[in-house]
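Contents: one structure, followed by commentary.
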Amino acid sequence: MSKTGPRPEAEAAEPGTAAESIPGRSAPADRGAAARVRRRLTTGTASLVALVIAVVWTLPTAGLFISSFRPAEQIRTTGWWTFFGSPEVTLDNYRDVLFGSANDGRLASHFVNSFVITLPSTVFVLGIAALAAYALAWIDFRGRDWVFLGIFALQIVPLQMSLVPLLRFFSQGVSIGEVQLLPAWELTGAMAFTNVWVAHTIFGLPLGIFLMHNFISQLPKSLFEAARVDGAGHGTIFRKVALPLIAPALVSLGIFQFLWVWNDLLVALIFAGGDTATAPLTVRLAELAGTRGEAWHRLTAGAFVSIIVPLLVFFLLQRYFVRGLLAGSVKG
């Protein structure tokens, strides 16, 4: 009697043949190549090259930092490396840019403006992006995929293309022919911050929604089904189930948005109205060198004053930042 089942010889796959044809399984050749690359990147030569790159990359920043403590006359006449031969330290540069006259710097007030612009612009993007990502991932409605595709496509639109239309919207409103659909905003004084908040929120939402959607869509479906069985609505599910799980991703997005808004010059220069009462730190930094560049020594101190807050934000939230970057990279 002949056997109908497969032969035992056929059940064992030959190494490097059947195993390689199974989708999703790494081939031995690929593992060997990855091991070779890993070994090459961990050799003494590779470590030396990485050290040289780090030193070359850091050297200009170190020179700028040393120059910020040197007297203005020495900065104009000698290089920063001469500091080691005849060291002379002063805090006059920092005193001038922080608390000096309006011509010298006075960055302290612009520090406040940067916080007023950055914090709401970050909070708005985080809140709207989280809500929109949840809706696109877990609420079934017609055209959901097309909406997400449109949001994804907005990321390739250069920011500069939307500056003039958005500025016209703020200053002239929206009209069709002789019909005025939306009036001009005409915000002045402290209310001009609203224009910058709206602009930064609009520019930050496409990437924010895309990143949060990729994270929220990978959450276990059983959690949401169990919450619905208990009678929870979408608001309760988002607040009590999704929000605690997406906290690392929110922190990562918040760091990106905070740093982008804090370091921005173009958007603030256009939408803040050019008024010193609403100008952020970056706008004042661009003016520190003077009209003819004769006071560029102030930039050495002003540059380090401006990066204090981004450094604090990054180092204080670094743990959540790494968790947010790695979240969702491994399923199961």
query = Do any residues in segment 302-313 that are in contact (Cβ under 8 Å) with a residue 24 or more places away in the chain have Cβ atoms under 8 Å from those of residues that are β-branched (Val, Ile, Thr) and open to solvent by less than 20 Å² (accessible area, probe 1.4 Å), where the two are at least six apart or on different chains, and which pairs are they?
reply = Gly302/Val97; Val305/Val97; Val313/Ile255
message = Going residue by residue through segment 271-285, is there one that turns out to be part of a helix (DSSP H, G or I), surrounded by fewer than 20 Cβ atoms within 10 Å (Cβ to Cβ) and hydrophobic (A, V, I, L, M, F, W, C)?
response = no
remark   = Within segment 126-147, residues being of a type in the set (Phe, Trp, Tyr) and at pLDDT below 90 number 2
key: Those residues of segment 18-68 which are open to solvent by less than 80 Å² (accessible area, probe 1.4 Å), modelled with pLDDT under 85 and not in a helix (DSSP H, G or I), in sequence order   = Ile22, Ser26, Ala27, Thr43
query = Within the set of pairs 6+ apart or on separate chains, which have a first residue in segment 71-83 that is in contact (Cβ under 8 Å) with a residue 24 or more places away in the chain, a second that is open to solvent by 40 Å² or more (accessible area, probe 1.4 Å) and not in a helix (DSSP H, G or I), and C-beta atoms under 7 Å apart?
reply = none
query = Filter segment 136-150 for residues that are more than 22 Å from the chain's Cα centre (by Cα) and free of Cβ contacts under 8 Å to residues at least 60 places away in the same chain; which is least open to solvent (accessible area, probe 1.4 Å)?
reply = Gly143
key: helices (runs of 4 or more DSSP H) wholly inside segment 157-238 containing at least 1 residues that are open to solvent by 50 Å² or more (accessible area, probe 1.4 Å) and closer than 30 Å to Asp264 by Cβ   = 163-172, 193-216
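The values are calculated or read from the model by the stated rules, or taken from the named source; none is laboratory data. Bear in mind the structure is a predicted one, so any value in this text is a computation, not a measurement. A quick note on method: Cβ atoms are made from the backbone with ideal geometry, for glycine too, and the neighbour counts reach across all protein chains shown. Ligands, DNA and RNA are stripped out before the accessible areas are found, and what is left, the full protein with its side chains, is counted by its heavy atoms. Shrake-Rupley method; radii C 1.70, N 1.55, O 1.52, S 1.80 Å.
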